[in-house]
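The values are calculated or read from the model by the stated rules, or taken from the named source; none is laboratory data. Keep in mind that this is a model prediction, so the values were computed, not measured. Cβ: placed from backbone, ideal geometry, glycine included. Neighbour counts: every protein chain shown. SASA here: full protein model, heavy atoms, side chains in, ligands and nucleic acids out. Shrake-Rupley method; radii C 1.70, N 1.55, O 1.52, S 1.80 Å.
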Amino acid sequence: MDRKVPQKITRRAFLGTTAKLAIGTAALLAGSTGLFYYGAVTHRKSPVSGPPPGNYARLGAAADLERLRGVTRIDYEADYIDAWYTKPVKGFVYVAAGEDGRLIILSPACTHLGCAVVPATEAQRAGRPETYFWCPCHGAEFDAAGGATFVVERGLDTYEPVFLDGSVYIDIMKPIPGAKGA
């Protein structure tokens, strides 16, 4: 039997091959990362041009919502768009005009465990006049602007209104976390 004897590799050849391999790996990683970020930047959709994306829920005409007095429940339909699937959802938000005239769009999800808050009854408001919303699951209370008043530390999440073609939309995928109480 013929036995093959391994060839000796010189130190210079070893270091040269190792350096080429390291440079090639770094270039491959940098190139793939660059392509990822290029794709993310160039395929970003602007919320103010063209038809709204599926995850935008239309709440109504801007002129109608700006005339609101008090807090109003508004139902919506939209698409929950995940990386792998799209699912139609129905939900609701509470909309009010702030003191400065800007729209306040409140999520109905209690910040304690996510139960849907409801307007407080007169009996529930008797002891705490600042209470406007009440969580039927654990008794958390919130004021008309969504601020926490009892049980929880964080107020209701809000949504940024998006004005497009005379209508008001919200991106259901991007709630803004409520503020911590004092």
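Ignoring ligands, DNA and RNA, what accessible area per residue does segment 64-161 give at 1.4 Å, in Å²? Mind showing how you got there, number by number?
Working: 5650 Å² over 98 residues.
Heavy-atom SASA per residue in segment 64-161 reads 58 Å².
Over the chain, dividing the summed -39,500 (n - 2.57) contributions of all DSSP H runs of at least 4 residues by the number of residues returns a 222 nm mean residue ellipticity of -7500 deg cm²/dmol. Within the full protein context, the accessible area of Ser32 is estimated at about 60 Å² for a probe radius of 1.4 Å. Solvent-accessible area assigned to carbon and sulfur over segment 1-143 amounts to 59 percent, based on a 1.4 Å probe. A cut-off under 13 angstrom between Cβ atoms defines the neighbours of Tyr94, and their net charge, with Lys, Arg +1 and Asp, Glu -1, is -2. The angle between the Cα long axis of helix 11-42 and the main principal axis of the chain comes to about 30°, on a 0 to 90 degree scale. Taking amide H as placed 1.01 Å from N in the peptide plane, Leu164 has its amide H under 5 Å from the amide H of Tyr169, each at least 5 places away in sequence or on another chain.
Quick one: putting +1 on the C-beta of Lys and Arg, -1 on the C-beta of Asp and Glu, what dipole do you get for the chain around its Cα centre, in Debye to the nearest 20? Don't jump to the answer; show the numbers that get you there.
Numbers: 20 positive and 18 negative charges, 343 e Å.
So the magnitude is around 1640 debye.
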